[in-house]
Amino acid sequence: MTKKTILITGGAGFIGSHVVKLFVNKYPDYKIVNLDKLTYAGNLENLTDIENAPNYEFVKGDIVDDSFVFELFSKYQFDGVVHLAAESHVDRSIANPNEFIKTNIVGTVNLLNAARNIWNDNLTGKLFYHISTDEVYGSLGDEGLFIEETSYDPRSPYSASKASSDHLVRAYFHTFKLPIVITNCSNNYGPNQFPEKLVPLAINNIKKNVPIPIYGKGENIRDWLFVEDHANAIDLVFHKGNVGETYNIGGNNEWTNISLIHALCKIMDEKLGREKGESEQLITFVKDRAGHDLRYAIDSSKIQNELGWEPSLQFEEGLDKTVDWYLANSEWLEHILSGDYEKYYEDQYNKR
Ligand code: NAD
Ligand code: DAU
């Protein structure tokens, strides 16, 4: 195997930590450098399994700081970049868009500039891999799926900032010949997800016997994918994806929010030894999210046909594993809940 030094940004976050663990364990000859600012969403407890691995190094830093990013690239001379660092929560982007512009747009440009600077014309074997979201495509009606050619139509400050970063990554490919690849993935769920997102928030609230807030009527649809399936897709695209291409990644697994929560309540009743239907009593409809996209659904046939990727888990199985993980890792959850989370929860939900 070729020795390579790979930068993974945002590796202390939800998806990033699964990608870091996969790469560190699967590629002992790679040196994996995890750059993360450790915002509220970054958590080194996600990485305890591999923190002492000889091929792993953690660097705390901010991708918005251009001179720091340049120095980092000069020091490590990365062969590849897997860029996941971002502000990722739609509700926070509605409350405060500015951090999203800084990290998701300016931060991405800083990384692109640094890669361009060190790689120069020596581009063989180099790759800048940008991780993006299906939200850049906007909102679907009852029919249809997002394909790679779907026009961009972002509708929240979060998705607009991700769309902007995708455009910049493509611009560096066309203008400067920077070797890039982009993937746009649907909603992930699984272990280590910060409990501001629907699935872990609901698991935590059910466990604590407090209301489960459902925006609007719960009829919005998302296409759910187990996080390890996303990490496997990222590994595949990083090694086999064609430069300049975009690949959509999704679970072919559409659920309305309300039916997802019903499924979760059923699992939790069984695991917590509650009466059948008990946890459903916690469902509480609250004021809708501003500009709430109705439906996301991904056509992932390109990555399936060209690279042979496919999701491995059925949703109920993945949800079951996820609930088990949260119940077994209450210390991980409690550390988060004892931080700034309480204030966030007050601001986000008690005004609704
Ligand atoms: P997350 O919020 O859990 O983690 C983001 C990580 O980035 C954190 O560790 C945080 O500390 C770090 N970070 C934030 N700002 C930074 C900065 N300025 N400098 C350095 N590090 C910084 O996010 P996630 O859900 O794991 O998402 C990871 C990526 O995948 C994002 O780019 C997101 O847009 C994309 N994505 C997420 C999903 C999903 O369902 N969660 C789906 C598709 C795509
Ligand atoms: O589609 C990919 C995107 O999925 C990623 O790019 C984002 O980073 C990720 O956060 C996620 O965005 P969503 O907005 O779809 O995820 P979230 O978990 O916030 O919400 C899922 C659905 O549940 C959405 O329709 C809003 C709804 N919801 C969410 C919360 C937090 C509720 O009804 N109540 C809630 O309390």
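Brief remarks follow.
- In the range 41-57, of all residues being under 18 Å from His83 (Cα atoms) and under 20 Å from the mean Cα position of the chain (by Cα), the one that is most open to solvent (accessible area, probe 1.4 Å) corresponds to Leu44.
- Tally, over the range 191-219, of residues that are more than 9 Å from ligand 1 (Cβ to nearest atom), open to solvent by 10 Å² or more (accessible area, probe 1.4 Å) and closer than 15 Å to Asn257 by Cβ: 7
- The residues in the range 324-340 that are over 17 Å from Leu38 (Cα atoms) and open to solvent by less than 90 Å² (accessible area, probe 1.4 Å) can be counted, and the count is 8.
- Selection within the range 131-146 - more than 19 Å from the chain's Cα centre (by Cα) and either more than 12 Å from ligand 2 (Cβ to nearest atom) or surrounded by 23 or more Cβ atoms within 10 Å (Cβ to Cβ) (or both): Gly141, Asp142, Glu143, Gly144, Leu145
- When residues of the range 12-26 are limited to those that are away from ligand 2 (no atom under 16 Å from the Cβ) and open to solvent by less than 20 Å² (accessible area, probe 1.4 Å), the one farthest from Ser88 (Cα to Cα): Val24
- Taking the range 27-40 as the range and being within 19 Å of the chain's Cα centre (by Cα) and open to solvent by 20 Å² or more (accessible area, probe 1.4 Å) as the test, the residues that pass are Lys37, Leu38, Thr39, Tyr40.
- The test for being part of a loop (DSSP other than H, G, I, E, B) and loosely packed, with under 13 Cβ neighbours inside 10 Å does not hold for Lys343.
- Leading residue by the ranking (surrounded by the most Cβ atoms within 10 Å (Cβ to Cβ)) among those in the range 266-307 that are under 22 Å from the mean Cα position of the chain (by Cα) and of a type in the set (Ser, Thr, Tyr): Ser300
- Top-ranked residue in the range 38-54 [being touching a helix residue (DSSP H, G or I) at 6+ places or on another chain (Cβ under 7 Å) and in a helix (DSSP H, G or I); ranked as nearest to ligand 2 (Cβ to nearest atom)]: Asn46
- Taken as a whole, the range 309-316 holds at least one residue that is closer than 23 Å to Gly144 by Cα, charged (D, E, K, R) and surrounded by fewer than 14 Cβ atoms within 10 Å (Cβ to Cβ).
- Of residues in the range 92-130 being open to solvent by 20 Å² or more (accessible area, probe 1.4 Å) and β-branched (Val, Ile, Thr), the one farthest from ligand 2 (Cβ to nearest atom): Thr124
- Criterion applied to Thr256, Thr175 was being without any contact (Cβ under 8 Å) to a residue 40 or more places away in the chain, of a type in the set (Ser, Thr, Tyr) and touching a strand residue (DSSP E or B) at 6+ places or on another chain (Cβ under 7 Å), and the one residue passing it is Thr256.
- Qualifying strands (runs of 3 or more DSSP E) (wholly inside the range 221-265; at least 1 residues being open to solvent by 10 Å² or more (accessible area, probe 1.4 Å) and within 14 Å of ligand 2 (Cβ to nearest atom)): 221-226, 254-256
- Those residues of the range 163-180 which are in a helix (DSSP H, G or I) and open to solvent by 10 Å² or more (accessible area, probe 1.4 Å), in sequence order: Ser164, His167, Leu168, Arg170, Ala171, Tyr172, Phe173, His174, Thr175, Phe176
- Any hit, the range 181-190, residues being of a type outside the set (S, T, N, Q) and open to solvent by 10 Å² or more (accessible area, probe 1.4 Å): no
- Asp293 vs. criteria outside any helix (DSSP H, G or I) and touching a Phe, Trp or Tyr at 6+ places or on another chain (Cβ under 7 Å): no
The values are calculated or read from the model by the stated rules, or taken from the named source; none is laboratory data. Just so we're clear, the structure is a prediction, and the values are computed from it rather than from any experiment. Note that we place each Cβ from the backbone using ideal geometry, even for glycine, and neighbour counts take in every protein chain shown. Just so you know, the surface numbers come from the protein's heavy atoms only, side chains and all, with ligands and any DNA or RNA stripped out. Shrake-Rupley method; radii C 1.70, N 1.55, O 1.52, S 1.80 Å.
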